[in-house]
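Asker: Submitted below is the structure of interest, expressed as structure tokens.
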């Protein structure tokens, strides 16, 4: 059954990052080629896994001190953050990450927006 994205949220530790309008998660895994001479088909074994994520929303750094400001501070201080990416009220992905990109856009005819890029470090869990 499909679910609506409206129940999702981005968590930072025990706090919710306010004014986030979307987040995305990318998972990847290496495969190692173990094909030997004489094989007619390539053979692979599982290698290392990785994950990255991004989030965007309305700029609230001045009011969201435990969310957006904490993310901005973590970026400026090169600190690891504990992310929780909620799909709905109970199910979420979680893991440690570094902020690999931060962007603020301030158009004259629209709201100020902010976006974050995260590089996962270590395992990603699903609860």
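Read the figures in this text as sums done on the coordinates, not as results from a lab. For clarity, every value in this text was computed on a predicted model and none was experimentally measured. Positions of Cβ are generated from backbone atoms using ideal geometry, with glycine treated the same way; all protein chains shown enter the neighbour counts.
Asker: Mind ordering 40-49, 3-12 by average Cβ neighbours within 10 Å, highest first? Before the final figure, lay out the partial values.
Answerer: Numbers: 40-49: 9.1, 3-12: 14.5.
Descending packing order for the listed peptides: 3-12, 40-49.
Asker: Need one number: convex hull volume per residue for the chain, Cα atoms only, in Å³. List each step's numbers first, then the result.
Answerer: On the way: hull volume 21.4 nm³, N = 127.
Per-residue hull volume (Cα only) is 169 Å³.
Asker: Can you give me the angle between helix 68-77 and the longest principal axis of the chain, using Cα atoms only, in degrees from 0 to 90, rounded to the nearest 10?
Answerer: Around 60 degrees separate the two axes.
Asker: Also, I was wondering about something else. At a temperature of 4 °C and a viscosity of 1.567 mPa s, determine how fast region 1-76 diffuses translationally according to Stokes-Einstein, using the Kirkwood radius over alpha-carbon pairs as Rh; express D in µm²/s, rounded to the nearest whole number.
Answerer: Details: Rh = 15.9 Å.
Translational D for this selection: 82 µm²/s.
Asker: In deg cm²/dmol and to the nearest 500, what is the mean residue ellipticity at 222 nm of the chain if only DSSP H runs of at least 4 residues count, each as -39500 (n - 2.57), divided by the residue total? Before the final figure, lay out each step's value.
Answerer: Working: 1 runs with 10 residues, N = 127.
Using -39500 (n - 2.57) per qualifying helix, the result is -2500 deg cm²/dmol.
Asker: For region 1-79 and region 84-124, write down the distance between their C-alpha centroids in whole Å.
Answerer: That distance is 7 Å.
Asker: What's the long-distance tail for region 64-119, i.e. % of Cα pairs beyond 19 Å?
Answerer: Numbers: 581 of 1540 pairs.
When every Cα pair of region 64-119 is considered, 38 percent fall beyond 19 Å.
Asker: Could I ask something else about it? Under a 10 Å cutoff between Cα atoms, tell me which one of 64, 33, 106 has the largest fluctuation in the Gaussian network model of the chain.
Answerer: Maximum fluctuation in the GNM of the chain, among the listed residues, is at 33.
Asker: Relative contact order, percent, of the chain when contacts are C-alpha pairs under 8 Å separated by at least 6 residues?
Answerer: That works out to 27 percent.
Asker: Assign one of three labels to region 35-94, namely rounded, prolate or oblate, based on the Cα gyration tensor with a ≥ b ≥ c the square roots of its eigenvalues; rounded applies when a/c is under 1.5, prolate when it is not and a/b is larger than b/c, and oblate otherwise.
Answerer: On the way: a/c = 4.22, a/b = 2.62, b/c = 1.61.
Judged from the Cα gyration tensor, region 35-94 comes out prolate (a/c at least 1.5, a/b above b/c).
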